[in-house]
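As structure tokens, the structure follows; a few thoughts come after it.
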Amino acid sequence: MTSEPEQQWGVGIQDAFQRLWTPHRMAYIQGENKPTGPGADDGCPFCSIPAKSDEDGLIVKRGEQVYAVLNLYPYNGGHLMVVPYRHVADYTDLTEPETVELAALTKQAMTALRTASGAHGFNIGMNQGTVAGAGIAAHLHQHIVPRWGGDTNFMPVVGHTRVLPQLLADTRKMLAEAWPTA
């Protein structure tokens with residue numbers, strides 16, 4: 001069954017594509033919630049998140065030195081970050097206890113994501129410095145991005161849009177419940 005392309009007024013050249021609107025991404029594009037400078041008091045979201053409730057801050061797990069939080073602008077459903085409480089930019093500036101707990105929470109995040117969503121694999125890493133792609137270079141954070149076989153689709157490439165199957169609050173709750181106790 002074929003159908004005629006639907007009329008698309010106001011979208012430019014008629015191309016038979018449906019539009020998936022993601023207005024929440026505009027905040028990221030325009031730099032909303034980005035620090036105004038390198039200091040902890042320059043609007044660093046990673047410094048202000050721990051003062052919020054877990055639900056409001058999208059915090060999945062709090063440790064002594066670091067915490068795990070959902071990425072507000074995720075690459076994939078369940079995209080977490082492990083962040084030290086201390087405002088520090090470089091991995092080599094972490095204390096030994098911070099380094100150990102960052103690694104431990106990363107392992108726990110992988111376990112929680114496998115339990116909650118059946119993740120098949122992960123992209124794990126940190127971008128050190130603006131030139132390396134760090135969106136907030138002044139406060140170190142490690143990304144844990146769950147992956148599934150066949151999760152790559154045309155949307156990020158063609159539509160410059162990420163499709164997420166779940167609201168962040170629901171993802172936070174699901175992962176917090178699946179977080180390992182030890």
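Annotations
- In the set (1) part of a helix (DSSP H, G or I); (2) open to solvent by less than 50 Å² (accessible area, probe 1.4 Å), the condition left unmet by residue 119 is number (1).
- Residue 116 vs. criteria within 14 Å of residue 179 (Cβ to Cβ), modelled with pLDDT under 95 and not basic (Lys, Arg): yes
- Scanning the range 144-161 finds no residues that are surrounded by 17 or more Cβ atoms within 10 Å (Cβ to Cβ), in contact with a Lys or Arg (Cβ under 7 Å, 6 or more places away or on another chain) and either at pLDDT 95 or above or closer than 16 Å to residue 71 by Cα (or both).
The values are calculated or read from the model by the stated rules, or taken from the named source; none is laboratory data. All figures in this text were calculated on a predicted structure; none of them were measured in a lab. FYI the Cβ positions are ideal-geometry reconstructions off the backbone, even for glycines, and counts take in every protein chain you see. Heavy atoms of the whole protein, side chains included, go into the accessibility calculation; ligands, DNA and RNA do not. Shrake-Rupley method; radii C 1.70, N 1.55, O 1.52, S 1.80 Å.
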